[in-house]
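Written below as structure tokens is the structure these notes are about.
The values are calculated or read from the model by the stated rules, or taken from the named source; none is laboratory data. Keep in mind it's a predicted model, so treat the numbers as computed, not measured. Positions of Cβ are generated from backbone atoms using ideal geometry, with glycine treated the same way; all protein chains shown enter the neighbour counts.
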Amino acid sequence: MIPKFTTAEKAVHDPGDRRLVILPAARVYWIVAALILATVGVAWVQYLAYGLPEDPSHKLTPPGPGDPAGFPLLIRFTHWINFFMLILLVRSGLSILMDHPRLYWNNSCQPGSEWLKLTPVKVPKDKIWTAKDDARYISPALGLPGYRHTVGIARCWHFLHVPFFLLNGLVFVSFLFFTDQWKRLVPGSWEIIPDAWKVFVYYSTLHMPAEPNGFYHYNALQQLSYFGAVFILPPLAMLSGLSMSPALENRFHWLPKIFGNRQGARSAHFLVMFAYLIFIVIHVGMVAATGLLRNMNHITLGTDEAHDPTGLYIVIGLIAFLVITCVAAHWISWRHPRTLQKAEAWLNGTLWRLSINNLNPRSYFTKEDITPYFWPNGKLPQSEDWKRLAENNFADYKLKVGGLVDNPVELSLQELKNLAVEETITMHHCIQGWSGIAQWSGIPLKAIIDIVKPHPEVTTVVFYSFGEGLYGGVYYDTHTLDNCMKPASILAWEMNYEPLPQVYGAPLRLRVENQLGYKMVKWIRSIEFVASHTEVGKGYGGKNEDDEYFDLIANT
Ligand SMILES: Nc1nc2c(c(=O)[nH]1)N[C@H]1C(S)=C(S)[C@@H](COP(=O)(O)O)O[C@H]1N2
Ligand SMILES: [Mo]
């Protein structure tokens, strides 16, 4: 089922160059080698020098009255729901990742400073290379929805799953603690650590320790890894995910610092995904190797039958259903993306509007934090009027402000500068995943609003660009009047103490800090006050919202 791309869409989504590469920085090889040596290497040394340790599984006593036995229906059910959603989250996450296929531990995102590259491209120095140029193709067999530059649709899938994933996890964990089931996962003593090591020495030297019946017990290493998958990875996924939100980063500057910085959080989010993949591979492998039929019966029917194949058949059925779900998701992505976008707006758009969209950004960064690199994005305007104005250094530029206002105005750059100035140093968060910190100086939107006096029915401010969108047509975006009134919402003419360069949006560009980069229109031609964003363009709130299914509210 191949999507029906128009020629323009094909050029964006289905490029000729589809190479998938995985290029870790040299230091990553050293770290991985050191980790393997410190674990498997040490296990082998211990085995060769002292032989196999005593098998700690012998310590497991037969289950007593207060011990968990079997797998209640709710555990089995939430386990499989979790598996389904995890696969969809990983696949949509991969599509998001490939829109900026580089991972860093620094906020600057300077090409060359990555610890992992998923692109063979070296950023050219002799021409403008935008972050959008840099996006990579991923096969729809791996990514949801796959292809190149499909971050809007991928985010709909990713975020639509998050609330249900959390809810399912909450039900699972609450159930554990309402019953005796938590005893399976939560270690009773610190002895679990040396015991898990002993089990590890068995596995890594290719021996099998005695297998406890998982209906009642797990071995020490198994218990520790399940504990990690249930109690450690999910909070890390949540915190690193939240740390990428511009609204949260602007208000709670300590949040991304848990992971070093904002790009550290993005890298950690990726590493959590990677840890889950490794967990799934080992978990499934071990489950198959240690009594496939019995284990399948445990987790489907909840019975302890060693020879009945029913459980296995059910799991094969579940996996077939997962494949059908993935094909259906592919079909929805390309045939009904608007429905997906509306569902996302209905659920998460509402949640964010009621919560983090109300936060005020707090200034925090200083001159020292300004990053040496700042990815450019978008197409430089091709319009004759912009080029003519640029030739004259925008001396003849007039910003037109109108719509539902008492007092429409046209203001030159000098007139704007005489009105009011606000300076900020902030982090830019592009939807693709990269960031950068810069100083901006310009007029607070509040000062313009005070002059034009919007009518009471105005809820939304539209910013039109001289430039065009990805598929042609005027680039524009909208912001709520509330967000325009916030601190650090400015029309900037200065970047890093220099006049705003052309690539970065001269003569004026928007900064509205709690939102993602695509809402910060560059090369601004005019401003219009309207009653609703639905009256403009296709009605979804901006050029990218109209054409690429981006969120109207971009707090995450
Ligand atoms: N007119 C216009 N403004 C635009 C864009 C664009 O394509 N056209 N791209 C947006 C996106 S996606 C981002 S991330 C920022 C990039 O700003 P920068 O070039 O200063 O990094 O500009 C935003 N403003
Ligand atoms: Mo962006």
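Please count how many residues of the range 209-241 are aliphatic (A, V, I, L, M) and in contact (Cβ under 8 Å) with a residue 40 or more places away in the chain.
The qualifying residues number 6.
Given THR480, THR459, which one is touching an Asp or Glu at 6+ places or on another chain (Cβ under 9 Å) and either away from ligand 2 (no atom under 16 Å from the Cβ) or among the charged types (D, E, K, R) (or both)?
THR459
Against the conditions (1) within 16 Å of ligand 2 (Cβ to nearest atom); (2) under 25 Å from GLY349 (Cα atoms), where does ALA531 fall short? Just the number, please.
(1)
Where in the range 340-427 are there helices (runs of 4 or more DSSP H), lying fully within it, with 3 or more residues that are within 16 Å of ligand 1 (Cβ to nearest atom)?
384-391
With respect to LEU500, is the statement that it is more than 16 Å from ligand 2 (Cβ to nearest atom), crowded, with 22+ Cβ neighbours inside 10 Å and more than 12 Å from GLY378 (Cα to Cα) true?
Yes: the conditions hold for LEU500.
Please state which one of GLY260, GLY241, GLY302, GLY317 is surrounded by 17 or more Cβ atoms within 10 Å (Cβ to Cβ), of a type outside the set (A, V, I, L, M) and out of contact with any strand residue (DSSP E or B) (no Cβ under 7 Å at 6 or more places or on another chain).
From the options GLY260, GLY241, GLY302, GLY317, the qualifying one is GLY241.
Which of the residues that make up the range 235-283 are hydroxyl-bearing (Ser, Thr, Tyr) and under 12 Å from the mean Cα position of the chain (by Cα)? Show your work before the answer.
Kept after step one, since they are hydroxyl-bearing (Ser, Thr, Tyr), are these residues of the range 235-283: 240, 243, 245, 267, 276.
Of everything in the range 235-283, those that are hydroxyl-bearing (Ser, Thr, Tyr) and under 12 Å from the mean Cα position of the chain (by Cα) turn out to be SER240, SER243, SER245, SER267.
Among the residues of the range 240-254, what is the count of those that are over 12 Å from THR556 (Cα atoms) and either in a loop (DSSP other than H, G, I, E, B) or among the aliphatic types (A, V, I, L, M) (or both)?
Selection size over the range 240-254: 2.
For residues that are free of Cβ contacts under 8 Å to residues at least 40 places away in the same chain and either over 18 Å from GLY16 (Cα atoms) or not in a loop (DSSP other than H, G, I, E, B) (or both), tally how many sit in the range 130-175.
So the count comes out to 3.
Considering each of GLU528, GLU545 in turn, give the residue that is surrounded by fewer than 24 Cβ atoms within 10 Å (Cβ to Cβ), among the acidic types (Asp, Glu) and either within 20 Å of ASP385 (Cβ to Cβ) or at pLDDT 95 or above (or both). Let's see the steps before the verdict.
Numbers: GLU545 fails: surrounded by fewer than 24 Cβ atoms within 10 Å (Cβ to Cβ).
After ruling out the rest, the residue left standing is GLU528.
Quick one: which helices (runs of 4 or more DSSP H) lie wholly within the range 1-62 and hold at least 2 residues that are touching a strand residue (DSSP E or B) at 6+ places or on another chain (Cβ under 7 Å)?
Where helices (runs of 4 or more DSSP H) fall fully within the range 1-62 and carry at least 2 residues being touching a strand residue (DSSP E or B) at 6+ places or on another chain (Cβ under 7 Å), they are 7-13.
Test ALA447 against the stated conditions and say whether it is away from ligand 1 (no atom under 11 Å from the Cβ), on the phi > 0 side of the Ramachandran plot and not in a strand (DSSP E or B).
When the stated conditions are applied, ALA447 does not pass them.
What are the residues in the range 118-147 that are surrounded by 14 or more Cβ atoms within 10 Å (Cβ to Cβ), farther than 23 Å from ILE2 by Cα and more than 16 Å from ligand 1 (Cβ to nearest atom), if any?
Scanning the range 118-147 gives LEU118, THR119, VAL121.
Just need a number here: residues in the range 183-193 that are touching a residue at least 40 places away in the same chain (Cβ under 8 Å) and assigned to a helix (DSSP H, G or I).
Counting residues in the range 183-193 that are touching a residue at least 40 places away in the same chain (Cβ under 8 Å) and assigned to a helix (DSSP H, G or I) gives 3.
What do you reckon, is GLY472 at pLDDT 95 or above and within 15 Å of ligand 1 (Cβ to nearest atom)?
no
If you go through the range 216-238, how many residues are crowded, with 18+ Cβ neighbours inside 10 Å and not in a helix (DSSP H, G or I)?
Residues in the range 216-238 being crowded, with 18+ Cβ neighbours inside 10 Å and not in a helix (DSSP H, G or I): 3 in total.
Here is a check on your reading of the model: is PHE259 within 30 Å of GLU513 (Cα to Cα) and either of a type outside the set (Lys, Arg) or without any contact (Cβ under 8 Å) to a residue 40 or more places away in the chain (or both)? Steps first, answer last, please.
Values: within 30 Å of GLU513 (Cα to Cα): yes; either of a type outside the set (Lys, Arg) or without any contact (Cβ under 8 Å) to a residue 40 or more places away in the chain (or both): yes.
It is true that PHE259 is within 30 Å of GLU513 (Cα to Cα) and either of a type outside the set (Lys, Arg) or without any contact (Cβ under 8 Å) to a residue 40 or more places away in the chain (or both).
Of everything in the range 321-334, what is closer than 28 Å to ASN555 by Cα and in contact (Cβ under 8 Å) with a residue 60 or more places away in the chain? Give them in sequence order.
Those that are closer than 28 Å to ASN555 by Cα and in contact (Cβ under 8 Å) with a residue 60 or more places away in the chain: CYS326, ALA329, HIS330, TRP331, SER333, TRP334.
Please list, ordered by first then second residue, the pairs with beta carbon atoms under 9 Å, 6 or more apart or interchain, first in the range 412-427 and within 27 Å of ASN106 (Cβ to Cβ), second assigned to a helix (DSSP H, G or I) and among the charged types (D, E, K, R).
Matching pairs, first to second residue: ILE425/LYS367; ILE425/ASP369; MET427/GLU249; MET427/ARG262; MET427/ASP369.
Among the residues of the range 89-124, how many are among the aromatic types (Phe, Trp, Tyr) and either in a helix (DSSP H, G or I) or within 16 Å of GLN432 (Cβ to Cβ) (or both)?
The number of residues fulfilling the criteria is 1.
Which residue is nearest to LYS486 (Cα to Cα), if the candidates are limited to the range 428-444 and must be of a type in the set (S, T, N, Q) and part of a strand (DSSP E or B)?
Only one residue tops the list, namely SER441.
Among the residues that make up the range 257-270, is at least one of them in a helix (DSSP H, G or I) and more than 19 Å from LEU103 (Cα to Cα)?
no
Identify, from the list GLY467, GLY472, GLY433, GLY403, the residue that is on the phi > 0 side of the Ramachandran plot and within 16 Å of ligand 2 (Cβ to nearest atom).
Of the residues listed, the single one that is on the phi > 0 side of the Ramachandran plot and within 16 Å of ligand 2 (Cβ to nearest atom) is GLY433.
Yes/no matrix, rows are residues, columns are (1) surrounded by fewer than 16 Cβ atoms within 10 Å (Cβ to Cβ); (2) touching a strand residue (DSSP E or B) at 6+ places or on another chain (Cβ under 8 Å); (3) over 30 Å from ILE128 (Cα atoms); (4) at pLDDT below 95:
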position	(1), (2), (3), (4)
LEU413	no, yes, no, no
HIS429	no, yes, no, no
GLN432	no, no, no, no
VAL452	no, yes, yes, no
VAL462	no, yes, no, no
GLU468	no, yes, no, no
ALA492	no, yes, no, no
TYR504	no, yes, no, no
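Restricting to the range 505-527, and then to whatever is farther than 28 Å from SER355 by Cβ and in contact (Cβ under 8 Å) with a residue 24 or more places away in the chain, can you tell me which residue is nearest to ligand 2 (Cβ to nearest atom)?
LYS522
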